[in-house]
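What follows is a short report on a single structure.
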């Protein structure tokens, strides 16, 4: 962080070790814990849970409990840690997808169903919480909040009871909703179009998870097909599907300088470089490249060379 000249880190905690011994000077934001597949557990749909997990023992292992109140308790504990760390914002995923859906894209729940369940859950989670932080809902490309339909975006924002509510726009996730994107320039145009389509609602975007994901060719080739030996035991299947998801959601640095137009248009309160990398120095290099790309783009526009 110091090497790159950044203000801090967007933290996410190990749910089994909610330690608050992080130096407060490092805390620029907080990403709440998340379960990619949670709605059927929240609704206690036993038929769906047994089909997905096979036994209540596996359900208990995955969710660290068997009842909706267990899920709510985990999130409340996570929320309490973020508050103790005095984070300026918290991020919450509004989506739901099973391992099978991640391959097939045959959705078990509609956007509306996921939005309604998320609204119910968030309102219960934030009931009576002092608004000392911004609460940012993050878009995904799975059922729920995708930032592709202004009516659904407005529905989500208007039904959550929290005064400091806003959006964390994940640029890569938004690109994942459009398989026709073939280049970073295509992605930039699509993102700007979605921002324009949302009109005044775009003023609710306080944060950017900034990265690019050009994965339409991979999706066209693979989506709709299950692995021949699907499903493996749940933990093994989760690991395998994670590799698949990372091919869709690539979290690569922007190298097209026109990406600065997104930042220039939004003027985000929070900008997070959410870049993948398994090696420390590789991630440092990727983030630095993205920062330099943004700087080149802003300098070019400042000099009036492009519009």
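Just a few scattered comments:
- Of all the criteria given as (1) touching a residue at least 12 places away in the same chain (Cβ under 8 Å); (2) surrounded by fewer than 21 Cβ atoms within 10 Å (Cβ to Cβ); (3) not in a loop (DSSP other than H, G, I, E, B), the one not satisfied by residue 107 is (3).
- Test: residue in the stretch 114-124 that is in contact with a helix residue (DSSP H, G or I) (Cβ under 8 Å, 6 or more places away or on another chain), under 20 Å from residue 45 (Cα atoms) and part of a loop (DSSP other than H, G, I, E, B): no
Okay, residues lined up against (1) in a helix (DSSP H, G or I); (2) closer than 23 Å to residue 90 by Cα; (3) touching a strand residue (DSSP E or B) at 6+ places or on another chain (Cβ under 8 Å); (4) touching a residue at least 24 places away in the same chain (Cβ under 8 Å):
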{"residue": "254", "(1), (2), (3), (4)": "no, no, yes, yes"}
{"residue": "258", "(1), (2), (3), (4)": "yes, no, no, yes"}
{"residue": "275", "(1), (2), (3), (4)": "no, yes, yes, yes"}
{"residue": "287", "(1), (2), (3), (4)": "yes, yes, yes, yes"}
{"residue": "298", "(1), (2), (3), (4)": "yes, no, no, yes"}
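- Flag for residue 263 being crowded, with 18+ Cβ neighbours inside 10 Å, at pLDDT 95 or above and under 25 Å from residue 31 (Cα atoms): no
- Residue in the stretch 277-291 that is in contact with a helix residue (DSSP H, G or I) (Cβ under 7 Å, 6 or more places away or on another chain) and farther than 21 Å from residue 97 by Cβ present: yes
- Scanning the stretch 134-158 for residues that are within 25 Å of residue 29 (Cβ to Cβ), assigned to a helix (DSSP H, G or I) and out of contact with any helix residue (DSSP H, G or I) (no Cβ under 7 Å at 6 or more places or on another chain) gives a single hit, 158.
- Filter pass, residue 307 being within 25 Å of residue 181 (Cβ to Cβ) and modelled with pLDDT under 95: yes
- Residues (within 23 Å of the chain's Cα centre (by Cα) and without any contact (Cβ under 8 Å) to a residue 24 or more places away in the chain) located in the stretch 61-70: 70
- On the stretch given as the stretch 10-28, residues that are surrounded by 12 or more Cβ atoms within 10 Å (Cβ to Cβ) and either out of contact with any strand residue (DSSP E or B) (no Cβ under 9 Å at 6 or more places or on another chain) or within 26 Å of residue 62 (Cβ to Cβ) (or both) total 7.
- In the stretch 166-183, of all residues being over 17 Å from residue 199 (Cα atoms) and surrounded by fewer than 21 Cβ atoms within 10 Å (Cβ to Cβ), the one that is nearest to the chain's Cα centre (by Cα) corresponds to 177.
- Filtering the stretch 220-237 to residues that are closer than 22 Å to residue 53 by Cβ and either in a helix (DSSP H, G or I) or within 23 Å of the chain's Cα centre (by Cα) (or both) leaves 234, 235, 236, 237.
- Any hit, the stretch 250-257, residues being buried (at least 17 other Cβ atoms within 10 Å of the Cβ) and over 24 Å from residue 292 (Cα atoms): no
- Qualifying residue in the stretch 84-101 (condition: farther than 27 Å from residue 52 by Cβ, part of a strand (DSSP E or B) and either touching a strand residue (DSSP E or B) at 6+ places or on another chain (Cβ under 7 Å) or touching a residue at least 24 places away in the same chain (Cβ under 8 Å) (or both)): yes
Conditions tested, residue by residue: (1) more than 28 Å from residue 119 (Cα to Cα); (2) free of Cβ contacts under 8 Å to residues at least 60 places away in the same chain.
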position	(1), (2)
3	yes, no
18	no, no
27	no, no
37	no, no
45	no, yes
49	no, yes
55	yes, yes
59	no, yes
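The values are calculated or read from the model by the stated rules, or taken from the named source; none is laboratory data. Predicted, not measured: the structure shown is a model, and the values here were computed from it. Because the Cβ atoms are built from the backbone with ideal geometry, glycine has one as well, and the counts that use them run over all protein chains shown.
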